[in-house]
1. Please give the solvent-accessible surface of VAL98 in Å², to the nearest 10, using a probe radius of 1.4 Å with every protein chain present.
2. Report the full-extension gain for the segment ARG82 to VAL98: residue separation times 0.36 nm, less the Cα-Cα distance, to one decimal in nm.
3. Binning at 5 Å from 0, report for the range 35-122 what percent of all alpha-carbon pair distances ends up in each bin.
4. Give me a comma-separated list of calculated 3J(HN,Hα) values for the range 43-51, in order, Karplus coefficients 6.51, -1.76, 1.60 applied at θ = phi - 60°, integers in Hz, x for any Gly or Pro.
5. Full extension from ARG49 to GLN19: what is 0.36 nm times the residue separation minus their Cα-Cα distance, to one decimal in nm?
6. With a cut-off of at most 13 other beta carbons within 10 Å, and DSSP calling the residue loop, which GluC sites (Glu not before Pro) in the range 32-121 qualify? Please list them.
7. Could you state the accessible area per residue of the range 19-127 in Å², with a 1.4 Å probe and every protein chain left in place?
8. Accessible area of the range 16-91 with a 1.4 Å probe: how many percent of it is carbon plus sulfur?
Amino acid sequence: ADVLLRNELVSVAPPRADQVLRRMSDAVVVVDAAGRLTGTNDAGRRLVRRSGTAEGFLGRPAWEVLPPSVAAVVEAPGSTTRAVVLPSGETLEAKVDVLLDPRGRRYGAVVTCREVTRHVDDRAGLV
């Protein structure tokens, strides 16, 4: 798209979805209907590495490559949001959005994990 900026015509390209996804601070993990990882963003790869898997995790079951508390959320039967605690003591908000085909059958899910330890700690201090 072209934009007029200070009397100068400038070409502006909208950000591509893959560029935005890659730069997100939230971990994003995509799984297929069988619970196998099919994609991640950079933060998602860091989450996988925390469970000891450095490479070769695409195509593997979530329970093999994600921290156990996150993998348990992935296996939830429907869309959900839960607080999960990692072995390091950090708390994540794990949100699963189930992907359904036109017939209503699950064909995968998108899992988004946001680090919320400080918010949980702040709330606990108020009690």
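The values are calculated or read from the model by the stated rules, or taken from the named source; none is laboratory data. Everything numeric here is computed off the predicted structure, so don't read it as measured data. Neighbour counts are summed over all protein chains in view; Cβ atoms, including those assigned to glycine, are modelled from backbone coordinates with ideal geometry. Heavy atoms of the whole protein, side chains included, go into the accessibility calculation; ligands, DNA and RNA do not. Shrake-Rupley method; radii C 1.70, N 1.55, O 1.52, S 1.80 Å.
1. Per-residue accessible area (VAL98): approximately 30 Å².
2. In short, 4.3 nm is gained.
3. Bins of 5 Å from zero give 3, 14, 26, 25, 18, 9, 4, 2, 0 percent of pairs.
4. Whole-Hz 3J(HN,Hα) from phi for the range 43-51: 5, x, 5, 5, 5, 4, 4, 5, 8.
5. Between ARG49 and GLN19, full extension yields 8.7 nm more.
6. Sites meeting the loop and neighbour criteria: GLU55, GLU75.
7. 59
8. C and S fraction of accessible area: 54 percent.
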